[in-house]
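Bear in mind these aren't lab numbers, they're just calculated from the coordinates by the rules spelled out. Fair warning: this is a prediction, and the values are worked out from it, not measured in the lab.
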Amino acid sequence: MTYESAAAFAQTSGLIYFVGIFTAVCLYAFWPRNRARFDAAAHLPLIED
């Protein structure tokens, strides 16, 4: 295995890994079931004690 093939493998697998993580985070953030939780968290700074 040469350096070029190892670097190409690392770049490709890293890209696939980060695209998968990005997709999972976007799905979590935009999942309809999480809307109420995120809306409540958005209004926390506006609530007075």
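Structure above, values below:
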| quantity | calculated |
| --- | --- |
| Between helix 3-30 and the chain: long-axis angle, C-alpha atoms, 0 to 90°, nearest 10 | 20 degrees |
| Net lengthening on full extension, THR12/ARG33 (0.36 nm per residue, minus Cα-Cα) | 4.2 nm |
